[in-house]
Amino acid sequence: MEFPKTKEEITKIIREAKNSGKTIGFVPTMGALHKGHLSLFENARKDNDIVVGSIFVNPIQFNDPSDYRLYPRNVARDLDLLSGKADIIFLPEESVMYPDRPTTTLSFGHLETVMEGSHRPGHFNGVAIVVSKLFHFVQPDAAYFGQKDLQQVRVIERLVHDLSFPLSVRMCPVIREASGLAMSSRNMRLSPEGRETASKIYRGLILSSERLKLSGDASEARKQAENYYGNIQGLKLEYFEIVNAETLMPPQDVHGKEPIALCVAAWLENVRLIDNIILFS
Ligand code: AMP
């Protein structure tokens, strides 16, 4: 594995790979890796000659300074986990990504007015800027993102489309613990009891999806979920939404004609957790 740290180092390695006609699959991450991340690398490996990852905790996508400060970091362990799974890991310092703070703003219309967008102002602008810069450095043929962050995937698809990045965006399924809890770097901040409680987040999604399929009534399924989460001690629901999984707009039909996503964000032990499931895709 190679570990470029600067723009010049990564650009040189990528130029050589491109010159020899190799295809490049790219997995951007913020580190503190788990099996969810590793599944993206496995998918990238299947489709491409060279697998490039990046580890960079992107300060400009955190709207909450304590979330940025407390975000788990363990690059040595990450590199162990990636051994054999990636060929190149880009490890930029903040000064490499941001010699100065970007003043460009990228906005995404409806996609950033709902759910994560409305609760994390500026978040998707920060994501879109870092991902754009990484795409310029790595020049991937395909980039891999997790459905765990469904709204992020939709924003990046829009970014790639609108700015004509020459690559395809691939969305990979949510990898879960045996308990159903969606794997997340932030789970490391939960106590053992907190992890147990957190597994109920997925349970609520399943219960609500069953109700939705039976009743065909999104607002009833949403109310049921809100009641369910409201009764979990220690958990504070931030939002629960049922949306069209492509557009993130309110669904027109919940009987199987359009893909439906049930999306949730909740706080537990001062940690913000998100999850979703997609029906009828
Ligand atoms: P992060 O390091 O949190 O920025 O995540 C890097 C990538 O891993 C993003 O595309 C995430 O959606 C994806 N990811 C995070 N958790 C999971 C998971 N449990 N299953 C699949 N992909 C995930």
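Points worth noting:
- Reachable aspartates and glutamates from LYS213, criterion Cα separation under 15 angstrom, eight or more residues apart if same chain: ASP253, GLU258
- Per-residue HN-Hα couplings for the stretch 5-11 [Karplus 6.51, -1.76, 1.60; θ = phi - 60°; Hz; x = Gly/Pro]: 10, 10, 4, 5, 5, 5, 4
- Placing a label point 7 Å from the Cα of ASP47 along the Cα-to-Cβ direction, the residues of the stretch 2-38 whose backbone N falls under 12 Å from that point are 24-27.
- Shape summary: the chain maps onto an equivalent ellipsoid whose semi-axes, from the alpha-carbon gyration tensor, are 33, 21, 18 Å in decreasing order.
- Cross-link partners for LYS12 among the lysines, with Cα-Cα distance under 20 Å and sequence neighbours closer than 8 places in the same chain left out: LYS22, LYS133.
- Euclidean distance of C-alpha centroids, the stretch 71-89 and the stretch 219-275, integer Å: 32 Å
- Candidate aspartates and glutamates for bridging to LYS5, where Cα separation is under 13 Å - those fewer than 8 sequence places away on the same chain excluded: GLU93, GLU94
- Fraction of antiparallel bridges per DSSP, the chain only, in percent to nearest 5: 55 percent
- Our estimate of slack between ARG176 and PHE280, defined as 0.36 nm per intervening residue step minus the Cα-Cα distance, is 35.4 nm.
- Theoretical FRET efficiency, 1/(1+(r/R0)^6), r = Cβ-Cβ of ASN231 and MET1, R0 41 Å, to 0.05: 0.30
- Net dipole in debye of the stretch 10-87 [+1 Lys, Arg Cβ; -1 Asp, Glu Cβ; about Cα centre; nearest 20]: 160 debye
- Ratio Rg/Rh, restricted to the stretch 181-272 and using Cα atoms, in which Rh is the Kirkwood radius: 1.00
- Counting only trypsin sites (Lys or Arg not before Pro) that DSSP places in a loop and that have at most 14 other Cβ atoms within 10 Å, the longest clean stretch of the chain runs over 74-256.
- Here the Karplus curve 6.51 cos²θ - 1.76 cosθ + 1.60, taken at θ = phi - 60°, turns the phi angles of the stretch 122-135 into couplings of x, 4, 6, 4, x, 5, 5, 5, 5, 5, 4, 5, 5, 4 Hz, with x standing for Gly and Pro.
- Percent of C-alpha pairs per 10 Å bin, the stretch 55-199, short to long: 9, 33, 42, 14, 1
Readers should treat all values here as calculations from the given coordinates under stated rules, not as data from a laboratory. For clarity, every value in this text was computed on a predicted model and none was experimentally measured. Note that we place each Cβ from the backbone using ideal geometry, even for glycine, and neighbour counts take in every protein chain shown.
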